[in-house]
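The values are calculated or read from the model by the stated rules, or taken from the named source; none is laboratory data. Keep in mind that what you see is a predicted model, and the values were worked out from it rather than measured. Please note: Cβ atoms are built from the backbone with ideal geometry, for glycine as well, and neighbour counts cover all protein chains shown. Each accessible area value is taken on the protein alone, full model and side chains, heavy atoms only, with ligands, DNA and RNA left out. Shrake-Rupley method; radii C 1.70, N 1.55, O 1.52, S 1.80 Å.
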Amino acid sequence: MENSLDPAPSLLEVRGISKSFGAVRALQEVDFTLRAGEIHALLGENGAGKSTLIKVVTGVFPRDAGVVRLGGEEVAPRSAKAALQAGIATVYQEVNLLPNLSVAQNLFLDRQPMRFGIVREGEMRRRANALLTGFGLDIDVAAPLGNYSVAIQHVTAIARAVDLSARVLILDEPTASLDRHEVEILFGIMRQLAKRGIGIVFVSHFLDQVYEISDRITVLRNGRLVGERETASLPRLELIRMMLGRELAETTSARAAASVPKSREVCASFENYGKAGYVAPFNLELRHGEVVGLAGLLGSGRTETARLVFGAERADGGQARVEGASVRLQSPRDGVRHGFGYCPEERKTDGIVAELTVRENIVLALQAKRGLHRPLSRREQDELAGRYVKMLDIRPPDPERPVGLLSGGNQQKVLLARWLATAPRLLVLDEPTRGIDVGAHSEIIRLIRELCDDGLALLVISSELDEIVTYSDRVIVLRDRAHVEELAGEAIDVTNILAAIAADGAAMQEARA
Amino acid sequence: AELTIGFSQIGSESGWRAAETSVSKQEAAKRKVNLKIADAQQKQENQIKAIRSFIAQNVDAIFLAPVVSTGWDSVLKEAKEAKIPVVLLDRDIDPSGKDLYLTAVTSDSVHEGEVAGDWLAKTVGDKACNIVELQGTVGASVAANRKKGFDTAIAKHANLKVVRSQTGDFTRAKGKEVMESFIKAEGGGKTICAVYAHNDDMMVGAIQAMKEAGLKPGKDILTVSIDAVPDIFKAMAAGEANATVELTPNMAGPALDAIAAFKEKGTVPPKWIQTESKLYTAADDPQKIYDSKKGLGY
Amino acid sequence: MKGLPPVLITAIVLVAGFAACAVQFPNIASTRVVGNLLTDNAFLGIVATGMTFVIISGGIDLSVGSVIGFTTVFVALAIERWGVPPLVAFVAVLVLSATFGAAMGAIIHIFDLPPFIVTLAGMFLARGAGFLLSTESVPITAPVYSTVSDFALHMPGGGRLTAIAIIMLAIVLGGVLLLRLTRFGANVYALGGGRATASLMGVAVGGMTVKIYMLSSLLAGLAGIVFSFYTSAGYSLSAVGVELDSIAAVVIGGTLLTGGQGSVIGTFLGVLIQGMIQTYINFDGTLSSWWTKIATGILLFAFIALQQGLVVLARRPAAKRAGAAS
Amino acid sequence: MTALLPRRGLAQILALIVILAVDRLVSPQFFDLRLQDGRLFGSMIDVLNRGTPVALLSLGMVLVIATRGIDLSVGAVMAICGAIAASLADSHGLPVVLAAALGAGLVCGLWNGFLVAVLGMQPIVATLILMVAGRGIAQLITEGRIVTFTSPDLVWLGNGAILGVPVPVAIALGMLLLTGAVVRGSALGLLIEATGGNARASELAGVGTRAMILAVYVWCGVCAALAGVIAAADIMGADANNAGLWLELDAILAVVIGGTSLFGGRFSLILAVLGALIIQTMNTGILLSGYPPEFNLLVKAVVVLAVLLLQSPKLSGFAGIMARLRRTKP
Ligand SMILES: Nc1ncnc2c1ncn2[C@@H]1O[C@H](COP(=O)(O)OP(=O)(O)OP(=O)(O)O)[C@@H](O)[C@H]1O
Ligand SMILES: Nc1ncnc2c1ncn2[C@@H]1O[C@H](COP(=O)(O)OP(=O)(O)OP(=O)(O)O)[C@@H](O)[C@H]1O
Ligand SMILES: [Mg+2]
Ligand SMILES: [Mg+2]
């Protein structure tokens, strides 16, 4: 820090950046300033332009106008590599790592330790292990990254960026798929880095986290800069108003469930259902008008449970019933036929068909259900798409846009629309609110409640315990790929869930003793 | 003892080739020779592999119908080291390998082209005549030779001129397609006096193209081609084709005889056993020839 | 990146096939046949090595057969007609083919065009250029050629390890090392995992694309030189269809056409498997042209199905574990 | 990329027009048309007529490619089905002949589809098997000869005319309409595009991706069979050695020129057929030009590259080139 007059010199200065995609003006004259040693939150609704700003600054997209100065010098990187060389390390929103490479190769791609032109594999693994241990991860770094869950992949991506020891570190929704523990570790590391004078840009939809970690906040709305504030002096409601441009009808954050105990007929039930080596046999009853939450740590078997229930994975034992009649769930088609729906957690690979339009993505499941020879007419499709775009506030509200060009949160809404369009009896949602902004978040939670008031059965997986507590009528806790505890009614609260999850350690110790 | 002979055949790219294969088998059976045929699917490397495996099997002799004239030196040297006599069928190889084979039973494809050209020159007389040419596959030595022979023959006659020349890949379909465009390019075919095709298959296609264009092949436009496959005789009998130069499919017969004599009595055959390039025209009772050739596996 | 299991399976398939052939034709189990197998497939082994890089990076190169054809003609004409010393001719043709590959790579990258089609155009171009040079086959009489073709290490049992077989083995070994041990190799896998992602991770995707196609064409050029040694001639129609043979070898060797996975050793085994199929058919010697094709198809199917079956068997326990995640 | 949607097809039409203009230059009578024996006659008709086999192949191929597959066996399937039709033509009626040939194509397609969809083989190798063996099967049927026939019905399929339009052209047009109706009239098109765009996601959305894949290979086989029958009818004989040889590459080229990505997803039937026409217009132009055949491949390479560059997403015409040049300058 040469300039001793200014205690926090601006490290990265972005001035008057504009960017259009065809008719969509994703960014208009945006300014942004990052100081050395600060953690700066970049906030905004889904589609506000956060990711685009990041990609423009790091040269992934060419910019239409504006300048970027790094340490006072103008930079114009033309590729991610150039940005890296200039000293900006980035973790982009979707996990951008290579599933076919080993974890270690991913961490050290293009900067492997070398000797005589040869990669020192052993050294690389050693360093990879050391690096990941810092993030509380003890995994086989020689295994392909694709073998691991999104969470682990995300941690790897962060570890990679951190290890690049750049001057600027940009993290686009790094915590979306992490659980509390991992978030804690990440924050610890971020604070250390900031202390070393590195400027950190942090994008998140979790306001708690924003208040916990950030020094300053910049808010974007509709591609424009709304303002830049000190976190400490910005009340939460004010922040939300800046993001949404309106007041948020603060949702019932307390438990709103169990208001009207309805008929609660069993919609689907599973007895001794399981698959060896995948998830231990479980019993599960899903009732109409009821939300069942699945809670557990990463890798505890929640996704696995969801896939078995939907039919994406075949059970090797047990009995499934729908409305009392025993059924066989061999494939997603079976699930769809019995009126199930499933929003997978990995929306990029398992959810959207990027090239197809919003409309086509929305009608896909319904069309598959109706069969080939009963095509939805274009009018019906338009009508459906129009309805859900409006209902879920998908932005931009253009049903003919390829879904791959939507922002992450909006893609998630399209997926939800896809299943709502099939009018399912049971909907399985794996992390439905991941990457969704505060406004949409409360919308989706309201929607979940509404849907189940209409008699839909819901099975929801979420890493947000608050969220689970908010809407669940019952909560199943998983641990080590087995269902270990069921909480209902008044027993549902964060402390109890945590206790059930953590019973692990205690139980283990007991067993050993 | 019964002889075992390995025959490295080119492949099955045309009816003529199929006939050569089946005639070879018949001739071998006649002489109680065990003929092992390896089909190279038109690839030289496969032929080399086949010869090597014949050597590994220690056959009594090797027949080779070379797909290209060059590149046999080292493998034929191996055969020579293993004391296995080699006979070339149907096509010759580059002169540098002369001492590596026993004899070659081939026709002279340059001569074939000359025979065709001479016939045309004689038939046309002093009239000016625009010729269109359907070449064989680009790069195939037979095509180059048949072109060369024909060109030499007509060079002596200023009234004969090749106005268009394209490849028809030795196939019927391409022969037809190319002829169609020749007809379009030459004012509906009115300025074409004769077609020369490097093989009969292309000519059969060309004949169809002429008929579809309302022309009378054999009358409005003269035809001459090479190979003498049965279908051209059918066309000739119908008055739609004029002449063809025979390339006999029986190359194996003379070769087997030469090998037998060499093995039994040590008679060294002449270096080149040339097969006849006989010209057939409508005067030769094409229907009869057609009937006699039909069964040969063309 | 774990190349071992599929490779091991391919090796098992190869050995089993070889044993089965040897039972029927005992002559097959000789060093002579093994030597022949290496010599006869030397050029294929070399192009297939280059093709492995291309395919792992998620591309494909259809031009290699034509590049071989062009190279043989060029070399033959240069030595025989233009009086260029052989070594200079080799260097020139290698530079030429590498440039050609680099150009294809650059077009693929800059204009974002599918490799299949760009290299298809390259295939036409190289073959056409060969025709322009000469449609005749040109024998090469330079003394180097006879020296090299006559050179061979003798193996016990009458087998010969020829110079071109040795060149091929060296290239395969070099390919293995390059792919496994260098940064370049890691980047090839990275490209196959996803170009966009690799680019975001800082890999110079454009440069890599150019280099990969350059390598493939360079090796095709080298294969052309080897082919010209093999036949002592240059011919513009040589090596037609070799692109498909080499793709098949790469895929039989366990490399995914979608990219991101595979190994050079596997490709080498794939080349040998193909060579063995052909040796078997040649030894049989009773097959007509059509039965040769049908038998080749059936054996190809049998090998791939066997391999696929073994892979599934090998994966079974792992599949359960990876399930949702992969 | 898809921002080009409204302009889709423009590049192809432009390319076609340019090539037609060049054809007119090399052959002044290129657009001449007259009636000959109740059949239109002229170079334009040749283009349509000769383009038919590839156009038919591309109709099947485009669907296969849309599912992220590829079918290398179509040329061989043409040969098989042509051989079957030719050997039955003189002893059976046209319906039997057609049924047998198309049935064979269907079986071939099923086989390919089975290997890809059920056994999970990579499409390029799966279909390579039939590409190699299929020609053998065709030759087995004809025993390597050219099997000729005289059945007027079958000959009509190749050389006849309906209202002056050659029958093959009419058939291709009919198949285009039929395929279009089936694919776009049902949900098939959407489901195929979804399968090709993201098979995993489609599967999870309840799309029967295996059935889709099976269906497109079967259709590809049927289209190839039809092309094979027409090719045989055209020369009044089945040439198992050469029928359809290397046409798979032309068909793939046609599909790509038609703007369908080899990575699956969005496809356009009409543009694929337009691609086939572009290729044939170029081929016919080469034949009319009178240049020595040694140049054929060079011309083809240059034209293909030019057409592709014309539709490169990174470059729209000259303006694009200039923009790029400017941008690459430091
Ligand atoms: N490659 C692209 N092509 C066209 N439009 C795009 C592209 N990328 C983003 N957009 C559009 O730009 C706008 C801003 O998107 P961006 O991804 O920056 O939002 P975001 O703030 O990151 O939202 P989220 O919180 O959902 O991630 C959106 O309207 C989006 O549809
Ligand atoms: N901390 C960890 N260490 C090692 N492996 C892990 C860890 N966490 C998860 N995994 C592995 O990741 C894989 C995928 O986990 P998966 O995502 O299916 O679990 P989950 O319960 O659905 O969690 P979530 O939905 O929160 O990601 C599993 O194979 C698991 O073994
Ligand atoms: Mg974003
Ligand atoms: Mg999960």
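Kindly evaluate D:Pro53 against the criterion of being modelled with pLDDT under 95 and not charged (D, E, K, R).
no
Among the listed residues A:Asp172, A:Asp163, identify the single one that is open to solvent by 20 Å² or more (accessible area, probe 1.4 Å) and away from ligand 2 (no atom under 16 Å from the Cβ).
None of the others qualify; the one that does is A:Asp163.
Go through segment A:296-311 and count every residue that is in contact with an Asp or Glu (Cβ under 8 Å, 6 or more places away or on another chain) and within 13 Å of ligand 2 (Cβ to nearest atom).
Of the residues in that region, 9 qualify.
Look through segment A:385-396, keep the residues that are open to solvent by 40 Å² or more (accessible area, probe 1.4 Å) and within 22 Å of the chain's Cα centre (by Cα), and return whichever of them is nearest to ligand 3 (Cβ to nearest atom).
Among them, the one singled out is A:Arg395.
Looking at A:Leu97, A:Leu137, which is the one that is crowded, with 23+ Cβ neighbours inside 10 Å, in contact (Cβ under 8 Å) with a residue 12 or more places away in the chain and not β-branched (Val, Ile, Thr)?
Going through A:Leu97, A:Leu137 in turn, just one is crowded, with 23+ Cβ neighbours inside 10 Å, in contact (Cβ under 8 Å) with a residue 12 or more places away in the chain and not β-branched (Val, Ile, Thr): A:Leu97.
If we keep just the residues of segment A:50-94 that are within 22 Å of A:Arg347 (Cβ to Cβ) and open to solvent by 20 Å² or more (accessible area, probe 1.4 Å), which is farthest from the other protein chains (Cβ to nearest Cβ)?
Residue satisfying both the conditions and the ranking: A:Thr52.
Residues in segment A:255-278 that are within 14 Å of another protein chain (Cβ to nearest Cβ) and at pLDDT below 90: how many?
Looking only at that region, the number is 3.
Is there any pair linking a residue in segment A:425-436 that is within 14 Å of chain C (Cβ to nearest Cβ) and over 23 Å from A:Thr175 (Cβ atoms) to one that is more than 16 Å from ligand 1 (Cβ to nearest atom) and open to solvent by 10 Å² or more (accessible area, probe 1.4 Å), with Cβ under 8 Å and at least six apart or on different chains, and which?
none
Restrict the check to segment A:371-384 and report whether at least one residue is open to solvent by less than 30 Å² (accessible area, probe 1.4 Å), under 24 Å from A:Thr52 (Cβ atoms) and away from ligand 2 (no atom under 16 Å from the Cβ).
No; the residues of segment A:371-384 include none that is open to solvent by less than 30 Å² (accessible area, probe 1.4 Å), under 24 Å from A:Thr52 (Cβ atoms) and away from ligand 2 (no atom under 16 Å from the Cβ).
Could you tell me how many of the residues in segment A:151-177 are within 16 Å of ligand 3 (Cβ to nearest atom), under 18 Å from A:Leu297 (Cα atoms) and either within 14 Å of chain C (Cβ to nearest Cβ) or touching a residue at least 40 places away in the same chain (Cβ under 8 Å) (or both)?
Going through segment A:151-177 one residue at a time, the tally reaches 4.
So, in segment A:206-224, exactly how many residues are surrounded by fewer than 21 Cβ atoms within 10 Å (Cβ to Cβ) and under 23 Å from A:Glu29 (Cα atoms)?
The number of residues fulfilling the criteria is 4.
Select from segment A:399-416 the residues that are within 12 Å of another protein chain (Cβ to nearest Cβ) and not β-branched (Val, Ile, Thr) and write down the one among them that is nearest to ligand 3 (Cβ to nearest atom).
Once the filter is applied, the top-ranked residue is A:Gln411.
Checking D:Glu193 against (1) at pLDDT 95 or above; (2) open to solvent by 10 Å² or more (accessible area, probe 1.4 Å), which test does it fail?
Answer for D:Glu193: the failing condition is (2).
Does D:Ala238 qualify as being closer than 30 Å to B:Lys293 by Cβ, surrounded by 24 or more Cβ atoms within 10 Å (Cβ to Cβ), more than 7 Å from every other protein chain (Cβ to nearest Cβ) and out of contact with any Lys or Arg (no Cβ under 8 Å at 6 or more places or on another chain)?
Yes, satisfied.
For C:Leu237, all conditions in the list (1) open to solvent by 10 Å² or more (accessible area, probe 1.4 Å); (2) part of a helix (DSSP H, G or I) hold save one; what is the number of the exception?
Against the list (1) open to solvent by 10 Å² or more (accessible area, probe 1.4 Å); (2) part of a helix (DSSP H, G or I), C:Leu237 comes up short only on (2).
Might you check whether a residue that is more than 16 Å from ligand 1 (Cβ to nearest atom) and away from chain C (no Cβ under 11 Å) occurs anywhere in segment A:15-26?
Yes, because at least one residue in segment A:15-26 is more than 16 Å from ligand 1 (Cβ to nearest atom) and away from chain C (no Cβ under 11 Å).
For segment D:196-230, enumerate the residues that are at the interface with another protein chain (Cβ under 7 Å from one of its Cβ atoms), open to solvent by 10 Å² or more (accessible area, probe 1.4 Å), in contact with a Leu (Cβ under 9 Å, 6 or more places away or on another chain) and part of a helix (DSSP H, G or I).
D:Gly197
Just a yes or no: is a residue in segment C:208-231 in contact (Cβ under 8 Å) with a residue 24 or more places away in the chain, in contact with a His (Cβ under 9 Å, 6 or more places away or on another chain), under 17 Å from C:Val64 (Cα atoms) and among the polar types (S, T, N, Q)?
Yes, because at least one residue in segment C:208-231 is in contact (Cβ under 8 Å) with a residue 24 or more places away in the chain, in contact with a His (Cβ under 9 Å, 6 or more places away or on another chain), under 17 Å from C:Val64 (Cα atoms) and among the polar types (S, T, N, Q).
Among the residues of segment C:108-134, write down those that are under 14 Å from C:Val210 (Cβ atoms), in a helix (DSSP H, G or I) and open to solvent by 30 Å² or more (accessible area, probe 1.4 Å).
The answer is C:His109, C:Ile110.
Check B:Val162, B:Val224 and return the single one that is of a type outside the set (Lys, Arg) and more than 13 Å from chain D (Cβ to nearest Cβ).
Criteria check complete, one pass: B:Val224.
Of B:Ile226, B:Ile289, which residue is touching a residue at least 12 places away in the same chain (Cβ under 8 Å), in a helix (DSSP H, G or I) and open to solvent by less than 40 Å² (accessible area, probe 1.4 Å)?
One residue alone meets the criteria, B:Ile289.
Pick from A:Arg127, A:Arg180: which is open to solvent by 40 Å² or more (accessible area, probe 1.4 Å) and either within 14 Å of another protein chain (Cβ to nearest Cβ) or more than 25 Å from A:Arg347 (Cα to Cα) (or both)?
When all the criteria are applied, what remains is A:Arg127.
Looking only at segment B:1-32, filter to residues that are among the hydrophobic types (A, V, I, L, M, F, W, C) and buried (at least 19 other Cβ atoms within 10 Å of the Cβ); which one of those is nearest to the other protein chains (Cβ to nearest Cβ)?
B:Ala18
Each row is one residue, and each column tells you yes or no for (1) assigned by the TED database to the domain that holds A:Arg191; (2) in contact with a Gly (Cβ under 7 Å, 6 or more places away or on another chain); (3) of a type in the set (A, V, I, L, M).
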| position | (1), (2), (3) |
| --- | --- |
| A:Glu29 | yes, yes, no |
| A:Thr33 | yes, no, no |
| A:Ala36 | yes, yes, yes |
| A:Ala41 | yes, no, yes |
| A:Glu45 | yes, yes, no |
| A:Leu53 | yes, no, yes |
| A:Val60 | yes, no, yes |
| A:Leu70 | yes, yes, yes |
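For segment A:97-112, enumerate the residues that are farther than 26 Å from A:Gly197 by Cβ and not hydrophobic (A, V, I, L, M, F, W, C).
A:Pro99, A:Asn100, A:Ser102, A:Gln105, A:Asn106, A:Gln112
Within segment A:302-341, track down each residue that is within 16 Å of ligand 4 (Cβ to nearest atom), within 14 Å of chain D (Cβ to nearest Cβ) and crowded, with 24+ Cβ neighbours inside 10 Å.
A:Thr303, A:Ala306, A:Arg307, A:Leu308, A:Val309, A:Phe310, A:Ala312
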